[in-house]
Amino acid sequence: MAQAYTPGLTITENMILRKDRILPLKGEVIVKKGDIVKSEDIVAKTELPGDIVPINIANKLSISPNEVPHKMLKKAGEKIKNGEILAVTNTFFGLFKNKVLSPFDGTIENISNITGQVLLRQPPIPVQISAFIDGIVSKVYPQEGVQIETKAAYVQGIFGIGGEVIGELKMVVSSPDKVLTADDITPDCKGKIIVGGKMVEYEAIKKAVSLKVKGIVVGGLDDKDLRKFLGYDIGVAITGHEKKGLTLVVTEGFGSINMANETFNLLNKFKGYKTSIHGKTQIRAGVMRPEIIIPIKFKTEDLKQKAKKITGLKIGSQIRIIREPHFGKIGKVTALPEDLAVVQSETKVRILKAHLEDGKEVIVPRANVEAIEE
């Protein structure tokens, strides 16, 4: 029988997780292989070159461009300080002096006798990469970064916004079908990652930001509320770089969708645990999903796991439907017919039959589902 492969979301309470932590350009790795690290620990650092700022010395001193190198008190490559004299010229037989002062600390990048401009480079920007998860350094990539390995409970979301945050996991609703409202968010949520049910209201998101909640994990989200919160429409670009005061991870999809029982129960089991999440999402080529990572205690010998085998859909596979009219529904595969079937668009596709959590039996194209890998 032909086998169907489909993209999958991982939901598990016990897996070996390996995360690369890589600098944007070469720098210094400050840990070594075998080191035990906390999520907040810095593992590598570098410096990004500062911005270039041009200053037209010729205009400021009213001289010709070819005179500029002779009027400079600093040479290319030398450091400068804010307010320091860069160039000077005498006027009225030396009775007066025209000066050009440095606008900031930095470096002389280039002096041109053609344009009369001097290029100043602002101070370098320090960049530090943290471990993001508690674990052990399993690999070191010299001058580039490290790989962190840990044992963790792990959930992939459907969509998210916001960068990496770390905090204690807190359940604020009693069941996966409860809406997360502003009343559910109390002052003791400050600094925590809170878990809601089927969706989060806009006022709840605003209150979470005001109380400095680090993150929200919820089943569904109204796209209008997202647009209102961000102030713009999300396109096809990568999310995860938004600076809106918190990170939001949606586990099921857009609209009023209950969080999957399995996901809710897993998160409830690990309430109070230190948790790392991010909202980075890219749906097209180079797929990225938001992640919820809950490191659990481990021994070094536990971190020996063979590479995960890619398996196809089979009878009993748990799936999530990712297209209307059953968008966001969870179910189990009950049949995988081999023959192609004609769907509403009048095209012939491979289909599957599934039993949904709400008791319905449905037939959907295999391309319209993604496997939930356990």
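The values are calculated or read from the model by the stated rules, or taken from the named source; none is laboratory data. Everything numeric here is computed off the predicted structure, so don't read it as measured data. Counting neighbours? That spans all protein chains shown, and the Cβs are built from the backbone with ideal geometry, glycine included.
Criterion applied to Ile372, Ile315, Ile363 was being in a strand (DSSP E or B), among the hydrophobic types (A, V, I, L, M, F, W, C) and at pLDDT 85 or above, and the one residue passing it is Ile363. Cβ-Cβ distances below 6 Å connect the following pairs, each with a first residue in segment 332-349 that is not assigned by TED's automatic domain parsing to the domain that holds Glu262, a second residue that is hydroxyl-bearing (Ser, Thr, Tyr), and a separation of six or more residues or different chains: Val333/Ser317. Looking at segment 6-24, is at least one residue surrounded by fewer than 14 Cβ atoms within 10 Å (Cβ to Cβ), touching a strand residue (DSSP E or B) at 6+ places or on another chain (Cβ under 7 Å) and over 30 Å from Leu267 (Cβ atoms)? Looking through segment 6-24, at least one residue is surrounded by fewer than 14 Cβ atoms within 10 Å (Cβ to Cβ), touching a strand residue (DSSP E or B) at 6+ places or on another chain (Cβ under 7 Å) and over 30 Å from Leu267 (Cβ atoms).
Residue count for segment 139-188 satisfying the condition of being among the small types (Gly, Ala, Ser), surrounded by 18 or more Cβ atoms within 10 Å (Cβ to Cβ) and not in a loop (DSSP other than H, G, I, E, B): 5. Could you please find all residues in segment 198-221 being touching a Phe, Trp or Tyr at 6+ places or on another chain (Cβ under 7 Å) and under 17 Å from Gly157 (Cβ atoms)? Result: Ile205, Gly220, Leu221. Determine if segment 91-99 includes at least one residue that is surrounded by 18 or more Cβ atoms within 10 Å (Cβ to Cβ), farther than 30 Å from Arg289 by Cα, at pLDDT below 95 and over 22 Å from the mean Cα position of the chain (by Cα). Among the residues of segment 91-99, not one is surrounded by 18 or more Cβ atoms within 10 Å (Cβ to Cβ), farther than 30 Å from Arg289 by Cα, at pLDDT below 95 and over 22 Å from the mean Cα position of the chain (by Cα), which makes the answer no. Could you list, in sequence order, all residues of segment 264-281 that are within 22 Å of Glu40 (Cβ to Cβ), hydrophobic (A, V, I, L, M, F, W, C) and surrounded by fewer than 24 Cβ atoms within 10 Å (Cβ to Cβ)? Phe270 - this is the single residue of segment 264-281 that is within 22 Å of Glu40 (Cβ to Cβ), hydrophobic (A, V, I, L, M, F, W, C) and surrounded by fewer than 24 Cβ atoms within 10 Å (Cβ to Cβ). Looking across segment 32-87, the residues that are surrounded by 16 or more Cβ atoms within 10 Å (Cβ to Cβ) and assigned to a strand (DSSP E or B) come down to Val37, Val43, Ala44, Thr46, Ile55, Met72, Ile80, Leu86, Ala87.
Asp358 meets each of the listed conditions (1) closer than 22 Å to Pro176 by Cβ; (2) in a strand (DSSP E or B) apart from (2).
Being part of a helix (DSSP H, G or I) and among the hydrophobic types (A, V, I, L, M, F, W, C) is the filter; apply it to segment 207-254 and report the residue that is surrounded by the fewest Cβ atoms within 10 Å (Cβ to Cβ). Steps first, please.
Here is the first cut: in segment 207-254, the residues part of a helix (DSSP H, G or I) are 207-210, 223-230.
Imposing the further condition that a residue be among the hydrophobic types (A, V, I, L, M, F, W, C) reduces the set to 208-209, 226, 229-230.
Numbers: Ala208: 27, Val209: 15, Leu226: 20, Phe229: 19, Leu230: 13.
Here the answer is Leu230.
Quick one: in segment 106-127, which of the residues that are touching a helix residue (DSSP H, G or I) at 6+ places or on another chain (Cβ under 8 Å) and in a strand (DSSP E or B) is farthest from Val29 (Cα to Cα)? Ranking the qualifying residues of segment 106-127, first place goes to Gln117.
Here Ile133 meets each of (1) among the hydrophobic types (A, V, I, L, M, F, W, C); (2) farther than 18 Å from Ile296 by Cβ; (3) part of a loop (DSSP other than H, G, I, E, B) with one exception, condition (2).
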